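Remarks on the structure that follows.
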Amino acid sequence: MSQQLQQWHREVQASQSLRDLEELRIRLLGKSGEITSLLKTLGSLAPEERKEKGAEINHLKLVITDAIEHRKAQLEEAELADRLLKEKVDVTLSIRPESIGSIHPISQVMNEIIAYFSNFGFEIASGPEIDDEDHNFSALNMPDHHPARQSHDTFYLMPDESGIRKLLRTHTSTVQIRTMRQQQPPLRILAPGRVYRNDYDATHTPMFHQIEGLVIDKGINFGHLKGTVIDFCKHFFEKENLKFRFRPSFFPFTEPSAEMDIGCDRSGGGIKFGQGNDWLEIFGCGMVHPNVLKNCGIDPEEYQGFAFGFGVDRFAMLKYGIPDLRSMFESDGRWLSYYGFSPFGGK
Ligand code: PHE
């Protein structure tokens with residue numbers, strides 16, 4: 001018996017991992033383990049012998065259980081030491097959240113607008129920033145020499161070999177044309193992106209951002225347009241009692257066209273919404289002109305639609321009280337840490 005004990009003891013000592021040790025424990029002390037089976041033989045022995053043998057086997061069981069516990073503690077300690085060595089932390093590295101930076105107010109506002117309209121089934125569409133006169137003007141009901149072209153302060157690129165000159169798109173309305181030519185109505189799209197015009201002062205920069213909205217379906221009317229943008233503005237500016245008005249306006253690609261103003265108070269130096277007697281123009285919109293639908297192969301007798309063009313930078317200035325548009329694009333870290341948003345949500 002003592003030889004057997006020594007043999008098992010050596011096996012316990014020789015186990016090199018917690019897993020091996022556990023396998024050995026099951027082999028010896030498990031339900032049908034070797035030591036357990038020895039105990040089971042006791043029943044068939046004569047009382048005297050059973051007493052003697054019983055004591056012996058129980059002693060053996062105790063010794064082995066002890067040895068296993070002991071070896072287990074040793075192996076656990078070794079495993080921990082090994083992990084500590086491998087998973088060393090360099091405390092001189094910079095703290096992570098510091099290096100993540102913050103979200104620019106333009107991105108924040110874009111995300112807010114996109115999140116709102118996705119609830120109503122609007123899909124994101126896009127087009128190139130370098131585009132042609134057709135998408136930027138002609139197809140939008142501004143043929144060659146149309147006077148409205150002048151008002152866009154367009155940046156033109158040098159003409160190519162065939163004499164065709166490209167341009168930096170002056171508005172995201174180019175994406176209306178691309179979408180209507182590529183997809184069949186009904187359509188509901190939102191087209192965010194950069195646009196370019198030769199203009200520079202506190203409220204204009206040569207590059208700025210727009211979000212175009214376009215809905216094409218049967219039986220769409222001006223009421224749908226009004227309801228959509230009014231609900232959006234109340235949500236965006238977080239004012240249920242927001243005052244607004246629609247002023248008649250002109251865009252060659254919409255008829256009728258309007259500009260939406262929201263009521264505000266400028267008396268205290270800053271600007272407050274939902275109160276006061278001043279008005280602030282916030283974006284242009286209108287019913288898609290039948291010529292534009294025709295230019296894209298859509299029958300205006302069958303389908304109608306509305307479009308709007310939000311100035312994202314202006315929305316960001318208004319909502320987050322940013323006084324000068326130009327500062328948005330100066331890449332000043334101090335400005336960004338003041339006006340930026342945490343990537344983890346919240347201000
Ligand atoms: N594209 C127009 C602009 O940049 C805005 C607009 C979009 C107006 C859609 C009406 C409909 O001034």
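The values are calculated or read from the model by the stated rules, or taken from the named source; none is laboratory data. Quantities reported herein were computed from a predicted structural model and do not represent experimental measurements. Quick reminder, even Gly has a Cβ in these numbers, built from the backbone with ideal geometry, and neighbours come from all protein chains shown. Heads up: the accessible areas ignore ligands, DNA and RNA and are worked out on the full protein's heavy atoms, side chains in. Shrake-Rupley method; radii C 1.70, N 1.55, O 1.52, S 1.80 Å.
A few remarks follow.
- Using alpha-carbon coordinates, inclination of helix 105-118 to the longest axis of the chain, degrees: 90
- Accessible area (Å², 1.4 Å probe, nearest 10) - Glu52: 130
- Calculated mean residue ellipticity, 222 nm, the chain: -12500 deg cm²/dmol, from DSSP H runs (n ≥ 4) at -39500 (n - 2.57) each, averaged per residue and rounded to 500.
- Choice from Gln150, Gln183, Gln13 showing the highest fluctuation, given a GNM over the chain with Cα pairs closer than 10 Å: Gln13
- Computed Rg/Rh of region 105-339, alpha carbon atoms with Kirkwood Rh: 0.97
- Among Ser249, Ser151, Ser138: highest mean-square fluctuation, GNM of the chain, C-alpha pairs under 10 Å: Ser151
- At a probe radius of 1.4 angstrom, the accessible area of the chain per residue rounds to 58 square angstrom.
- GNM flexibility winner over the chain from Thr41, Thr174, Thr205 (Cα, springs under 10 Å): Thr41
- Taking Ile57, Ile26 and ordering them by how much accessible surface each has at a 1.4 Å probe, largest first, produces Ile26, Ile57.
- Under 13 Å, Cβ to Cβ, from Leu190 - net charge with Lys/Arg +1 and Asp/Glu -1: -2
- Relative contact order for the chain: 16 percent, from Cα pairs under 8 Å spaced at least 6 residues apart, divided by residue count.
- Look at the alpha carbon pairs under 8 Å that are at least 6 residues apart: their mean separation over the length of region 2-87 gives a relative contact order of 36 percent.
- Using alpha-carbon coordinates, inclination of helix 18-29 to the longest axis of the chain, degrees: 40
- The local environment of Leu167, defined by Cβ-Cβ distances under 14 Å, has a net charge of -2 under the rule Lys, Arg +1 and Asp, Glu -1.
- Surface composition of the chain: carbon plus sulfur atoms hold 52% of the accessible area, using a 1.4 angstrom probe and ignoring ligands, DNA and RNA.
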